[in-house]
Every structure is written in structure tokens, then in C-alpha cells.
Amino acid sequence: MKPSYLFILSMTILAFACSAPYKQMAKQYEQRDQVSVPDYSDLYFWAAHPYKKDPADSVPKPLRTNHLIDSAVDVFFIHPTTYTDDQLPFGYSAPIGNNELNAKTDYSTILFQASAFNQVGRVFAPRYRQANLQAYFPKNATDSGAAIAAFELAYQDVKAAFSYYLKNLHKGKPIIIAAHSQGTTHGKRLLKEFFDDQALQNKLVAAYLIGIPVAEAEFTKIKACTTPNQTGCIVSWRTYKEGYTPPLILEEKFKAIVTNPLTWTNEEIFADRQLNKGGVLLKFNKIVPSVASAKIEGNVLWTPKPKFFGNIFYTTNNYHVADINLYYLNIQENLRNRVSSYLKK
């Protein structure tokens with residue numbers, strides 16, 4: 001049976017990820033067809049890591065003059081699905097050493113999403129044997145079994161990466177957990193297993209679990225962030241065009257955590273796009289100011305159609321793929337505020 005939240009996953013992926021640039025980049029990547037299990041002591045198995053240069057280090061050109069990097073905290077980023085081929089060329093689980101898939105991951109989500117977190121800390125983003133997008137849409141019992149196994153394999157990789165990080169790289173620093181889409185599917189489990197009512201909870205600055213619903217009652221001790229400076233809490237939202245909520249989300253039997261990324265509260269008030277400091281869309285080096293508004297509506301976040309050149313061709317009601325990109329600069333500002341609050345405790 002499909003969980004109700006699965007409908008939110010759009011079959012659309014970042015246009016950049018389908019274009020020539022990542023395919024050109026793939027030629028520079030090492031192919032490791034013989035590797036079946038990641039070894040997180042090897043930098044090859046990290047999409048982002050402070051000990052190597054990677055797209056998570058990137059800064060949009062208009063922001064570079066005032067960009068100051070702080071390494072006071074660590075960011076553990078779990079990327080969304082980039083294995084989207086519905087023909088399942090590798091089955092339900094992606095290989096860990098495929099150069100094209102790794103380049104696609106790096107020059108889509110790592111560049112456009114993980115980079116939003118690089119100003120406040122060291123960014124760690126593991127490669128993992130992610131489940132194919134079709135795992136969210138099983139058609140029969142056989143597919144369901146394969147999907148469950150694929151998600152379990154993916155989580156075990158994420159868990160292994162985080163365990164390696166804790167043992168060898170953490171060194172007692174405060175931690176931000178950040179994730180989108182499939183990353184949030186695994187991020188919720190990671191937060192539950194390692195932080196919720198655990199000693200490590202004291203190290204949690206905040207968890208940005210975006211693109212997949214997080215129930216308010218899902219955790220024992222960790223609660224929703226309700227103010228911009230609150231720490232040790234969860235930020236989450238799913239973005240849709242104003243007036244549209246998918247029927248399956250309307251049927252959800254739980255109250256989801258929904259954060260307004262312009263006010264950073266859970267109040268159901270309209271936040272005008274003038275509060276939006278800027279988004280980063282298909283052109284990484286271009287900031288689009290006042291691109292989107294935000295209003296919490298039930299279990300989702302609504303915005304009128306985003307304002308950017310060419311939006312006449314942007315006809316979808318589902319803004320899942322842009323959950324982070326529409327609010328990129330506001331996320332950066334909020335990260336600085338929460339880290340500052342945490343360090344003052």
C-alpha cells in the first residue's frame with residue numbers, strides 16, 4: 001500500500017540534471033563498477049566532504065563578496081533521489097560507483113541544495129545506494145517488497161556514513177541534519193535512532209527535513225521549530241501552488257510539521273514575497289529576489305506562482321523540486337540565526 005505522502009514526489013527533476021553539463025562532468029569521474037559496498041573512509045564515497053573540493057563548496061557569484069565561512073558546526077546533508085530512470089537499469093537500488101549518476105547528484109542537488117548550508121559549517125554528504133524514484137510508486141506486492149528492500153539498503157548506507165562521521169570526524173561539534181525528499185525519508189530515521197531522547201540530542205542545532213512529511217508526533221523529545229532562533233528542533237515543509245493540495249495529502253490522518261520559510265514560525269499567516277531575500281533556480285550564479293511568497297495551509301506550504309523570467313512555462317502545481325531553491329537566501333539567514341543561538345547557550 002502506498003503511504004499518502006508519496007504523491008508529493010514529482011516525476012520532474014532539476015532541468016540541469018538532464019542537460020549536457022553533468023554528462024560532460026561525468027567524463028572526469030572515476031567509474032567503480034566493481035564496488036558494491038561504500039567505504040566511508042574513502043573520499044570517493046562522499047558527494048561532499050570538507051577534505052575535498054566539491055560542488056557543496058560553491059557560492060552563487062552575487063554572494064561571494066560577503067561570504068564568510070564558519071566551521072563552528074557540521075552539516076550532515078542527505079541528498080534526494082537522482083536515480084530517476086523509470087526503466088530501472090540497475091534495479092531498485094542505484095550502484096555506488098556509477099560516474100554519470102554521481103556527477104548528476106553532484107551537479108544538481110549537491111550544487112543547488114547542499115551549498116545553501118556551507119556558510120555555517122563543514123558539509124558532509126554521503127553517496128549511498130539510493131532507491132529509484134519508482135520505489136515510491138509500487139504497482140503490486142512484488143514491487144512493494146522490492147521498494148521496501150531498496151529503502152532499507154539506502155538507509156543502512158546513510159547510517160553507516162553517519163556512524164563513520166561520528167567516530168572519526170565529528171570531534172564533538174554541534175550538528176545540523178539537512179535533507180530533501182528521499183534524503184528526508186532517511187533523515188527521519190537517522191534523527192530517531194541517533195538523536196531523539198539520546199545523548200546526541202544536545203548537539204542538534206536543528207534538523208531541516210524538507211520535502212517529505214514529518215508528523216508532529218513522530219518523535220519523543222524533538223519538536224517542531226516555532227520561532228526563527230529556536231534550536232534542537234525540526235524545520236519542514238512541502239511546497240505547492242496556492243490553492244492546490246493533492247487529494248492524498250488531504251487524506252493524511254496526522255498533523256505534519258510545516259514551517260514557513262519566510263517567517264520561520266508555524267503560524268498560518270501569509271508572508272509576502274517581498275520577505276523573500278532570493279532564490280537560486282536553474283542558473284546557480286543568479287539570485288532571483290522576491291521569487292516566492294509562503295503560507296501554511298494544513299499540512300503543506302502554499303505560494304502563488306513563483307516570479308521569475310520564463311515562469312509562463314512553469315505550469316506545475318507541485319513545487320517539490322524547488323522546496324529549497326525558492327527560499328535559498330532565507331534558509332542561509334535562518335541557519336546563521338540558529339547557529340548563533342545555539343553557540344550562545
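The ranking of H180, H79 by Cβ neighbour count inside 10 Å, starting from the fewest, reads H180, H79. Per residue, the average separation of C-alpha pairs within less than 8 Å and at least 6 apart gives region 4-344 a relative contact order of 18 percent. Given R0 = 25 Å, the distance between the Cβ atoms of L63 and K305 translates into a calculated FRET efficiency of 0.50.
Taking a ≥ b ≥ c as the square roots of the Cα gyration tensor eigenvalues, with a/c under 1.5 meaning rounded and otherwise prolate when a/b beats b/c, else oblate, which class fits the chain?
Cα axes put the chain in the rounded bin.
Treating the beta-carbon of each Lys and Arg as +1 and of each Asp and Glu as -1, no other charges, what is the dipole magnitude of region 4-344 about its Cα centre, to the nearest 20 debye?
The calculation lands at about 860 debye.
Note that region 158-267, at 10 °C in a medium of 1.306 mPa s, gets a Stokes-Einstein diffusion coefficient of 108 µm²/s from its Kirkwood radius over C-alpha pairs. Mind giving me the FRET efficiency for R189 and I312? R0 is 30 Å, r the Cβ-Cβ distance, nearest 0.05 is fine. According to the calculation, E is roughly 0.15.
For region 249-294, a crude dipole built from +1 on the beta carbon of Lys and Arg and -1 on the beta carbon of Asp and Glu, taken about the Cα centre, is about 340 debye to the nearest 20. Would you please classify the overall shape of region 15-74 from the alpha carbon gyration tensor, given that a ≥ b ≥ c denote the square roots of the eigenvalues, rounded means a/c under 1.5, and beyond that prolate means a/b larger than b/c while oblate covers the rest? It comes out oblate by the Cα gyration axes. Tell me, how many Å apart are the Cα centres for region 196-239 and for region 297-345? That distance is 17 Å.
Bridge orientation summary for region 24-180: considering DSSP beta bridges with both residues in this region, about 20 percent are antiparallel. Between L153 and Y51, the FRET efficiency from the beta-carbon distance, with R0 = 25 Å, is close to 0.45.
Here the chain carries DSSP beta bridges of which approximately 30% are antiparallel, counting only pairs with both residues inside.
When each of the peptides 183-193, 223-233, 167-177 is scored by the mean number of other C-beta atoms lying within 10 Å of its residues, the order from highest to lowest reads 183-193, 223-233, 167-177. Charged neighbours of G121, selected by a Cβ distance under 14 Å, balance to +3 (K, R count +1; D, E count -1).
Once you reduce region 107-139 and region 59-100 to the center of their Cα atoms, the two points are 4 Å from each other. A simple spin-label model places the labels of Q274 and L343 3.3 nm from each other, with each point 7 Å out along Cα-to-Cβ. All C-alpha pair distances within region 115-182, sorted into 5 Å bins from zero, spread as 3, 14, 20, 19, 16, 11, 8, 5, 2, 0 percent across the bins.
Only the coordinates and a few stated rules stand behind these numbers; no lab work does. Values in this document were obtained by computation on a predicted structure and should not be read as measured data. Quick reminder, even Gly has a Cβ in these numbers, built from the backbone with ideal geometry, and neighbours come from all protein chains shown.
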